[in-house]
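What follows is a set of notes on a single structure, which appears directly below.
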Amino acid sequence: MRLPDAMRLIQTLLTIYRAQSLTLILALLCASILEGVSLTALLPLLNLVLGQAEGGEPSQLAVWAENILGQAGLEPSLGLLLMIIVAGITAKNGLLLYANRKVGYIAADVTTDLRLELLRAVMGSRWSYFIHQSVGKMSNAMATETMRVTEAFVFGTQMLALGIQGIVYGFIALSVSWEATLFCLGASSFILIASQGLVRMSKKAGNKQTDLYASLIGRLTDTLQSVKPFKAMDRGEVAGKVLEHETRGLNKALQKQVLGRSALESAQEPMFAIFISLGIFLALDRFNMAVATVFMMVLVSAKLATIIGDIQKKYQKMVVRESAYWAVRNRIDEAEAASEELHSGKQVQFSEDIALQDIRLSYGDNQVLQGFSLHVPCGSMTTLIGPSGSGKTTIVDLIVGLVRPDAGQVLIDGHPMDEVDIPTWRRQVGYVPQENLLLHDTIYNNITLGETDLSEADVEHALRAAGAWDFVTEMENGSQTLAGERGARLSGGQRQRIMLARALVHRPRLLILDEATNALDPESEAEICRTLEALKGEVTILAVTHQTALAQVSDRVYRVVDGRFAEVTSTDARVVES
């Protein structure tokens, strides 16, 4: 029989963190036993205070407690019994403090490990898989959904703690009166079944929240990236309309969650009160139990009923969030199934050339490259020009191994790409894209990306090589100046130079510029061209553009059209058919 999803979640997480979970369970068990000992000492105390003048037989639990004290040579006095109760409660709370701390540590591990596992899976996936993923949905999984998983785990462990406590109280209740215990359990079961519909309502609301959070955060991320044109055209209401459907749907799901939780809390207490009152009446009026025994049974039964009710409440809160775990888990499994095959191979040190031989590549029915061949000598600057969609960026993707050709082969220093150690090869590449990928962080961190093995000397060398040293040092905080959101505090030319410095900081052997100057004004583009001309000879440069400025400083220029190419001289643009 398959466990419910919420219980499978707890089983899965406790299994993953087996050693920590075992310690947690032992602490909870010992805490519950100590509470049981304190409670057991209460019955002899009641008998001692109230006596048996009211009639009725003492319970089996009272007899056991007095016998144990007698065998230990202790007289069940008022002071001794109170000391036992206080000591048990104190020790119990000490263990609960330890258990709660352990729950917090495991919960933090759950969040961290899930995020890292998702990040590794996505970063290790094939490029063809990655480009079809929503950045917003990925961000939602990393932030919102992993936190909901942690909350589900915390509620699950609280259920576990209550369950252990309930077992201990159940044994105590049976020792006091098995008839009253069965009555209490029967009444509790009836209440749980009667209110199960409210739990199912909450679960459906939680599942809906998982879907809507992913959609909403995904659309929100995309919309925020377009705020400037929306504001410039006074069309901010468009963004609101884009997000309105998911926002209203999420609001309804949250309302149902609140309704289910509030209704459960409001319904349970009166029902438990009715059954406990009925139990007291039957115990005193029909079964003539001792007052101390009835008082003890009321205390235990009320506590047991409260525990059972709390378990259902925690379960309700848990099922609202447990779908987040399966959503994150599915995303991880999907990314791992699309993992990139990075086989070990020849560790080339690029020193000769790159050659593409008779490459054919299609995306579905769209044939991108048709018998394409290209030669890039080491130390040269080669530029590919042509209209958008002609296949220029695909050529770059082939060279860095992000995509593989349908036919033909890519050679690095004469070694086929299939035989090359891809990570080693990529570490020799510096890449500058067209998109602005600056972080809302310092210029220094934008260049190093937090890598601690890069020094200030490495950053200075990269800034000088990128022609950015002068304007960076003129800033108030130098390289510690904040770049702003997506580099908003820098001009377009400055942003591209920082991106170029990031690509150069590792001293690559191959520098790739993928449409990196297309968004620049002519003056900024000319400055970048002069910088690249100074770099020629130090690093092999492969530039991709649909403009012609880079052609003036290149050793070789190729015009790519419809997956084929022709060589173009940089001086007179005379076409030589290849």
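Table for the structure above
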item	result
Kirkwood estimate for region 353-577, i.e. one over the average of 1/r between Cα atoms, Å	18.1 Å
Label point distance in nm, Glu435-Gln552, each placed 7 Å from Cα along Cα→Cβ	3.1 nm
Neighbour net charge for Lys303 - beta-carbon separation under 12 angstrom, K R +1, D E -1	-2
Added length on full extension, which subtracts the Cα-Cα distance from 0.36 nm per residue, Arg126 to Ala87	8.0 nm
Ranked list, fewest to most other Cβ atoms within 10 Å of each Cβ, for Phe372, Phe471	Phe471, Phe372
Sequence of Leu439, Leu160 once ranked by neighbouring C-beta atoms within 10 Å, starting from the fewest	Leu439, Leu160
Proxy reagent accessibility, fewest Cβ within 10 Å first, across Met147, Met138	Met147, Met138
Cβ-derived FRET efficiency at R0 56 Å, Ser277 paired with Asp211, nearest 0.05	0.80
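Every number in this text was worked out from the coordinates using simple rules, so none of it is lab data. Since we're looking at a predicted model, the values are computed, not measured. Please note: Cβ atoms are built from the backbone with ideal geometry, for glycine as well, and neighbour counts cover all protein chains shown.
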